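The values are calculated or read from the model by the stated rules, or taken from the named source; none is laboratory data. Since the model is a prediction, treat every value here as computed from it, not as a measurement. Methodologically, a virtual Cβ is constructed for each residue, glycine included, from the backbone with ideal geometry; neighbour enumeration extends over all protein chains shown. Accessible surface areas use protein heavy atoms only, side chains included; no ligands, DNA or RNA. Shrake-Rupley method; radii C 1.70, N 1.55, O 1.52, S 1.80 Å.
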Amino acid sequence: MGVAYSVVEVDHFNTFFVQLSPQIYIKGNKRHRKPRFLVREKHQKGFLVVENEKAAVINKLLSDPVNPTANNWEIITVKDPKRRLSLCSSGYSEGPDYQEEVEDALPVLSDDSQLFEDHHLEKLTAHMPVWTQVHPWQLVYSTAIHGSSLKTLYRNMAGLESPVLLVIKDTHKKVFGAFSSDPFKVSKYCYGTGETFLFSFNPDFQAYKWSGENSYFVGGNLESLQIGGGGGGFGLWLDSDLYHGSSFSCPTFNNESLSTKEDFIIQDLEVWTVQR
């Protein structure tokens, strides 16, 4: 049985919740369960997915008559967290007809992937932000199509503002990669958020979420792309030719090496992004 979830619709949810219930949501505590956001613009309202046990506490807070802000909130039940919300319909409305549609289909891909299949995608989407599951995914870079060049990879992502999914297959036929909250770019400083994570199908699926120990999520220059770090090695490192790579345990994700060896040769590489 899956864990039941509820969706809370509210403006500035985090501020309200942290002030009224700090014992449940404490910023900076790496052991806390950070709520996942379902973002959909509608009268400047937002959505947040929380576990059923948290929903009971929130419902109590919303019933407090001395808190006028609570009048702007609403809790909506989501029956199955493994299904994805379909909130793209223009007929989405409030009142009695205010409901979510769920379906078993995986996120739609604009192209056929050469590196992963539906069972890979099913594992990955369970760890990505909920809102990314209700939008189609577009292939923005592939070594099979665009050649092997980190510079081209950066160029193809210029102007993007959506998260990206990096998938790699090495010469040992191992599939692994990273989900980045931000598109890859050349930057003097590290960027990204705690939604970034590493993953590996080597051979079983393993996701390495943010540990909270540092914020070295993603770094990029013309010589290399780095994801995770802080311990003398990167969680995932790729060279400028997208040929050589390496994966070491790092404090950012407390991960194991993503491939069978810490140094590997890239056979194929794809990067996907969400179409908002």
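At a glance:
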item: Positions within region 191-210 being polar (S, T, N, Q) and open to solvent by less than 20 Å² (accessible area, probe 1.4 Å), in sequence order; result: T196, S200
item: Leading residue by the ranking (surrounded by the most Cβ atoms within 10 Å (Cβ to Cβ)) among those in region 140-151 that are assigned to a helix (DSSP H, G or I) and out of contact with any strand residue (DSSP E or B) (no Cβ under 7 Å at 6 or more places or on another chain); result: H146
item: Subset tally (residues that are farther than 22 Å from K123 by Cα and open to solvent by 20 Å² or more (accessible area, probe 1.4 Å)) for region 167-190; result: 7
item: Selection within region 155-179 - in contact with a Phe, Trp or Tyr (Cβ under 8 Å, 6 or more places away or on another chain) and more than 21 Å from S247 (Cβ to Cβ); result: N156, M157
item: Any chance I227 is crowded, with 17+ Cβ neighbours inside 10 Å and not small (G, A, S); result: yes
item: First in region 214-227 and within 20 Å of D263 (Cβ to Cβ), second anywhere and surrounded by fewer than 16 Cβ atoms within 10 Å (Cβ to Cβ) and of a type in the set (F, W, Y), Cβ under 9 Å, 6 or more apart; result: G219/Y189
item: Candidates F264, F248, filtered to the one that is open to solvent by 20 Å² or more (accessible area, probe 1.4 Å) and among the aromatic types (F, W, Y); result: F248
item: Boolean, Y154 is surrounded by fewer than 20 Cβ atoms within 10 Å (Cβ to Cβ) and aromatic (F, W, Y); result: yes
item: Identity of the residue in region 208-219, part of a strand (DSSP E or B) and of a type outside the set (V, I, T), that ends up nearest to A126 (Cα to Cα); result: Y208
item: Matching entry among L222, L238 (being open to solvent by 10 Å² or more (accessible area, probe 1.4 Å), under 21 Å from T152 (Cβ atoms) and either in a strand (DSSP E or B) or at pLDDT 95 or above (or both)); result: L222
item: Members of region 112-139 that are touching a Phe, Trp or Tyr at 6+ places or on another chain (Cβ under 7 Å) and not in a helix (DSSP H, G or I); result: H127, M128, P129, W137, Q138, L139
item: Residue within region 151-160 that is farther than 17 Å from L115 by Cβ and basic (K, R) present; result: yes
